[in-house]
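Computed from the coordinates by the stated procedures, all read-outs in this text should not be read as laboratory data. The structure displayed is predicted, hence computed values, not measured ones. With ideal geometry, Cβ positions are generated from the backbone for all residues, glycine too; neighbour counts draw on all protein chains shown.
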Amino acid sequence: MTQWQNITGEAEDGRLVTHVVPVDDLREHSLTAKCWCAPDLDEWYRVATHHSADNREAFERGERKAS
C-alpha cells in the first residue's frame, strides 16, 4: 500500500501551503514549489501535490499493475 502525508508550512510568499508528499519515495522532496518533482500547486486551496519518483500514482489510478 502506498502512503502520502500532508505537511503544512510557510511558502516563499509567507502564506501557508500544504504539501502532499509520498512517504518513503525513492528521492527526498523539498517542501517548495521548486522541488525536483515539479509539484502541482492549487493556488485557491494552497495545496502543492508532489509527484513520486517510484510512479505510485499510476498504480493508484489503475494504469499500472504490480509485476
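General remarks:
- ³J(HN,Hα) computed for each position of segment 20-29 - Karplus, 6.51 cos²θ - 1.76 cosθ + 1.60, integer Hz, glycine/proline x: 9, 10, x, 7, 6, 6, 5, 10, 6, 9
- Extension gain (nm, one decimal) between residue 59 and residue 4, 0.36 nm per residue minus Cα-Cα: 18.4 nm
- Sequence-distant residues sharing a close amide H with residue 53 (under 5 Å, placed H): 26, 27
- The H on the amide N of residue 47, modeled in the peptide plane, is under 5 Å from the matching H of 18, 42, each at least 5 residues off or on a different chain.
- Rounded to whole numbers, the Karplus 3J(HN,Hα) couplings from phi for segment 50-60 are 7, 9, 8, 7, 8, 6, 5, 4, 5, 5, 5 Hz, using 6.51 cos²θ - 1.76 cosθ + 1.60 with θ = phi - 60°, and x at Gly and Pro.
- Of (1) 24, 12, 10; (2) 17, 17, 11; (3) 17, 13, 11, the label for semi-axes √(5λ) of the Cα gyration tensor in Å derived from the coordinates: (1)
- Spacing of the two label points (7 Å from each Cα toward its C-beta) at residue 13 and residue 30, in nm: 2.0 nm
- In order through segment 33-40: 3J(HN,Hα) via Karplus (6.51 cos²θ - 1.76 cosθ + 1.60), integer Hz, x for Gly, Pro: 5, 9, 4, 4, 7, 6, x, 7
- Cα centre as origin, Lys/Arg/Asp/Glu Cβ charges: segment 1-59 dipole, Debye: 20 debye
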